Amino acid sequence: MNRKGFIAIREGDDLIRELLERWLGEAGYSVRSVGGESPRLVIADIPSPRDARSRIEALRAMYAAPILVLSGRFRRGVAGSAEAARRLGVRKVLPKPFTRKELLSAVDEMLEGAE
């Protein structure tokens, strides 16, 4: 594990998972799709708002780490993302599609708040 820590990724789309792994790896993070040890952050795709709470609860039971939610089903913009995060009980929701800069900014924000 490097100094920035290990990030767990729970993403069902292979292309998006590979992109996340590449961008995070290039930024100096150690990334795993699943892992036995506790990560510093979990990035999880939530494909449907309908089952979001149960998925987040399951992730919380598995990992003692903050969760960054990714989803194409939430509105873009600060207000929409903040409202979705509040409803789901997480600190941050990053709507898809997102840029490399948006992802890394969200990860940095999440990790700063976890320390």
Q) For the stretch 18-63, what is the accessible area per residue in Å² when the probe is 1.4 Å? A) 55
Q: Could you calculate the contour length gain from Glu109 to Ser48, that is, 0.36 nm times the residue separation minus the distance between their Cα atoms, to one decimal place in nm?
A: 19.5 nm
Q.
Taking just the alpha carbons, could you work out the radius of gyration and Dmax for the stretch 12-54, both in angstroms?
A. 12.0, 34
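The values are calculated or read from the model by the stated rules, or taken from the named source; none is laboratory data. Predicted model, so just to flag it, every value in this text is computed and none were measured. For accessibility, only protein heavy atoms count, side chains too; no ligands or nucleic acids. Shrake-Rupley method; radii C 1.70, N 1.55, O 1.52, S 1.80 Å.
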